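Q: My questions will all concern the structure given below.
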Amino acid sequence: MTYLYLKQSSVASPAVKFKFHPPQFVITYKRYIAAGFFLVGIFFFLSAIFPIVQYQLEYAVKFNQILNPLSAKYYNQNSSILGDVSVDYTQLSNWFTPDSATSANTLSSTEIASYHLSIPVLKIKDALVEIGGQDLKKSLVQYPQTALPGQAGNTVVFGHSVLPQFFNPSSYMTIFSTLYRLKTGDEIYVDYDNIKYKYLVEEMYEVTPTDLSILEQRFDGRYFTLVTCSPPGTYLRRLVIKAQIVEI
């Protein structure tokens, strides 16, 4: 009888691999987390888009729009839907194209540097207005060389705005976020040089960012003009609220 002997290989046979299958509840838990992040993302997206769409449908259609008086070559036509996001619009000097208006650093010829503004219907009370100022993060700003409150002409005040859900009447970053909710006949109060003036809203309209007509001085009355970006949270246009003085 013949026997055949084979030498055992020195290399160990590969170990049997076991595939780990996580419990079903772990898989379900991960799916819920992914779905949760997706829903949160959708919520934040809609919360940013909905106020803009609502503004366009409910409010913007009521505002008269004035055609841009400047040629298209003087402004950037390629800006995004939010406007030119590379520009710091908390600085008033950036609200107009270069060389299109007087520098915002020029102070008005007055010894009084500031006064206060209140809009009761928007719960804005004693907001600081700096005459000839620059930084809209710190106050509202009256554009230089426009009429002082109570004087014949047009007092023009700028303020910052964001999405309306972040409106805080005590924050100058959000103070004009609900300005579009004003209506004809609403009251605006100004305390200037220890005198209180009352203005009533008489006109609301939108203009392009390069439109300088908002700075126009008419001396047939005493006007007070509020300006902010619109729709709130974007830099596409400028919302203009024009009021006229009345006796208290």
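Q: Non-local amide H neighbours of residue 160 (under 5 Å, H modeled in plane, Pro and chain starts lacking H): which ones?
A: Residues meeting the criterion, in which the H sits 1.01 Å from N, are 175, 176.
Q: Sticking with this one: From the phi angles alone, apply the Karplus equation (6.51, -1.76, 1.60; θ = phi - 60°) to the range 156-169 and give each ³J(HN,Hα) in whole Hz, x where the residue is Gly or Pro.
A: So the J values, rounded to whole Hz, are 10, 10, 9, x, 8, 9, 9, 4, x, 5, 9, 4, 9, x.
Q: Taking the Cα centre of the range 101-248 as origin, sum charge times position over the Cβ atoms of Lys and Arg (+1) and Asp and Glu (-1), and report the length of that vector in debye to the nearest 20.
A: With Lys and Arg at +1 and Asp and Glu at -1, about 380 debye.
Q: Taking 0.36 nm per residue of sequence separation and subtracting the Cα-Cα distance, how much length would be gained by fully extending the chain between residue 166 and residue 111, in nm to one decimal?
A: 16.3 nm
Q: For the range 209-248, which chymotrypsin sites (Phe, Trp or Tyr not before Pro) pass both filters: DSSP loop (anything but H, G, I, E, B) and at most 12 other C-beta atoms within 10 Å?
A: Taking the range 209-248 and a limit of 12 other Cβ atoms within 10 Å, the loop chymotrypsin sites (Phe, Trp or Tyr not before Pro) found are 219.
Q: Under the Karplus relation 6.51 cos²θ - 1.76 cosθ + 1.60, θ = phi - 60°, what is the ordered set of whole-Hz ³J(HN,Hα) values for the range 195-203, x standing for Gly and Pro?
A: Taking θ as phi minus 60°, the curve returns 10, 9, 10, 10, 10, 10, 5, 10, 7 Hz for the range 195-203.
Values quoted throughout were computed directly from the atomic coordinates according to the rules given, and no laboratory measurement underlies them. A quick note: this is a predicted structure, and the numbers were derived from the prediction, not measured. Cβ: placed from backbone, ideal geometry, glycine included. Neighbour counts: every protein chain shown.
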